[in-house]
Amino acid sequence: MTASVSSKPVINLAGVSKSFGATKVLKEINLDVRSGEVLVLIGASGSGKSTVLRIMAGLETADSGEVWVNEVPLHDERRAKEIRGHVGMVFQQFNLFPHKTALGNVTLALIKARKMSPADAKKRAMETLDRVGLAERAEHYPSQLSGGQQQRVAIARALAVEPGIMFFDEATSALDPELVGEVTEVMRGLARDGMTMVVVTHEMGFARKTGDRVVFMDKGVIAEQGVPEHIFGNPQNERTRQFLHRVL
Ligand code: ADP
Ligand code: MG
């Protein structure tokens, strides 16, 4: 649990729908993310979790409904672009540049996204790598790092630009089981530090222990949401029960 969740919404989706071709993948989604909150999205593959996250991050547009960021509606493409500059994204695939060191990967993001001088960028990048426990590996190339370490570099790269919110889409799904813990531990640390986070995950332990609120998605709708104790301890929806029965 996060110590202080504010009532102020950082992001708010109001009646958001989205189709791909003839398939309606999101149906009138209403969902807000509050400052300092760790919001965890769970649900079967294809239920719409990534699409919700991508719309929140400004990577995808809604067909209808409204997206509000910091109480400002996100209507035009220019604003969406602005939002993308102030969020951190971590995906299943780390997508590090193989010919750059850990430090080089993080530094490059700062020079590109923040137009920092190489010296300032390098200093900030080192601080951020230290935060994910990788200061000693700064000069290693991705091929010299484990999957868990590579994902921590990817987290550092996203964090370095000091985003207002961090999105994680199955950040541990590509990792060998023994490497999952070091990544969820870094994510827990961010949560403890008060970072606003939206996390799509299959790690029910993380959802239960670190989530402030858990949202269960089913076929493009929010079937149920609540505090972890409610979702895991006393789910009301039959589909939530079936899903948890399958994954736990
Ligand atoms: P989840 O993350 O819960 O697995 P997604 O949001 O990725 O679900 O996908 C929801 C549905 O939308 C799926 O049926 C998926 O195949 C479809 N979908 C997602 N992205 C696209 C896309 N870019 N083009 C076509 N269909 C898509
Ligand atoms: Mg997904």
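All of the numbers you see were taken from the coordinates with simple rules; none came from a lab. Given the structure is predicted, the values throughout are model-derived calculations rather than measurements. Counting neighbours? That spans all protein chains shown, and the Cβs are built from the backbone with ideal geometry, glycine included.
Highest mobility in the GNM of the chain, judged by mean-square fluctuation with C-alpha springs under 10 Å and restricted to 229, 139, 178, is found for 178. Where the alpha-carbon atoms of segment 26-140 are placed on the principal axes, they occupy 47, 32, 27 Å, in descending order. Using only the C-alpha atoms, the convex hull of segment 97-163 corresponds to 70 Å³ per residue. When the chain is treated as a Gaussian network with alpha carbon springs shorter than 10 Å, the biggest mean-square fluctuation among 173, 143, 50 belongs to 143.
Please arrange 217, 195 by counting, for each residue, the other beta carbons lying within 10 Å of its beta carbon, fewest first.
Details: 217 26, 195 19.
Exposure proxy ranking, most exposed first: 195, 217.
Normalising the average separation of contacting C-alpha pairs (under 8 angstrom, six or more residues apart) by the number of residues puts the relative contact order of segment 97-163 at 45 percent.
Expressed in Å, the radius of gyration and Dmax of the Cα atoms of the chain are 18.0, 56. Is the shape of segment 133-200 rounded, prolate or oblate, going by the alpha carbon gyration tensor and its root eigenvalues a ≥ b ≥ c, with a/c under 1.5 for rounded and a/b larger than b/c for prolate? Note, shape of segment 133-200 comes out oblate. The Cα atoms of segment 140-248 cover 48, 29, 24 Å along the three principal axes, with the biggest extent listed first. If you run the Gaussian network model on the chain, springs between alpha carbon atoms under 10 Å, then out of 158, 44, 125 the most flexible one is 44.
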